[in-house]
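Structure in structure tokens, see below.
The values are calculated or read from the model by the stated rules, or taken from the named source; none is laboratory data. Predicted model only: the values in this text are computed from it and were never measured. Here Cβ is always computed from backbone atoms with ideal geometry, including for glycine, and neighbour counts include all displayed protein chains. Ligands, DNA and RNA are excluded from the accessible area calculation, which covers all protein heavy atoms including side chains. Shrake-Rupley method; radii C 1.70, N 1.55, O 1.52, S 1.80 Å.
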Amino acid sequence: MAQEDVAAAVNGASVVEKSVVTFTAYKPQLIVEAQKVGEAVAFYKTVFDATETGHSLYPKRKADQELPHVVSAEIKLAGVTVVVSDVSVHSGSTVKTGATSALLETDDVEAAVAKAVAAGAVKVEVSEGEADGGVKGKVTDPFGFTWIFVSPVEKSEKEESKEA
């Protein structure tokens, strides 16, 4: 169905409306265990040099809690805003934690893997790429997410001559 031909039910009758939907941002969401958002954000700041751009706190903090319960936070990672959310019922998220992986391009895969491991990630593998000749490294962070580091793909001489 075309985007312009969105069917809507109005007073029980089907009416075709012309509608254009514009998206202004794409924000991947990482769901972590309850009350682990702060730890996850600290990990991503350390390993990926991410910057925290905002967060939401659970409004009903208990008197014995030293730190407020961070329900979600937004971080800037490689130019993309990523939302890190608490799996608890307070955030409205009901999905399983650690249910995604991300690919990050870097000139130094080995250093990226070493930095992640030093901060608490588990090294899965580092290998030479079969198809593109680049290096690939995988780690799983303490929150269950798999991060795949890859070296930039070098263009072949054929591809470069086509662009010229």
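Quick check: is even one residue across segment 78-88 modelled with pLDDT under 90 and in a helix (DSSP H, G or I)? Break it down stepwise before answering.
Going through segment 78-88, the residues modelled with pLDDT under 90 turn out to be 85-88.
After this cut, where a residue has to be in a helix (DSSP H, G or I) as well, the list is none.
Scanning segment 78-88 turns up no residue that is modelled with pLDDT under 90 and in a helix (DSSP H, G or I).
Right, another one. Being at pLDDT 95 or above and open to solvent by less than 40 Å² (accessible area, probe 1.4 Å) is the filter here, so list the residues in segment 50-74 that pass it.
A50
Hey, among V47, V6, which residue is surrounded by 12 or more Cβ atoms within 10 Å (Cβ to Cβ) and modelled with pLDDT of 80 or more? It would help to see each step written out before you state the result.
On the way: V6 fails: modelled with pLDDT of 80 or more.
On inspection, the qualifying residue turns out to be V47.
Let me ask something additional. For S151, all conditions in the list (1) open to solvent by 70 Å² or more (accessible area, probe 1.4 Å); (2) modelled with pLDDT under 90; (3) of a type outside the set (D, E, K, R) hold save one; what is the number of the exception?
(1) is the only condition that S151 fails.
Can you tell which of G133, G98 is at pLDDT below 85 and surrounded by fewer than 17 Cβ atoms within 10 Å (Cβ to Cβ)? Explain how you work it out, then say what you get.
Numbers: G98 fails: surrounded by fewer than 17 Cβ atoms within 10 Å (Cβ to Cβ).
The unique qualifying residue is G133.
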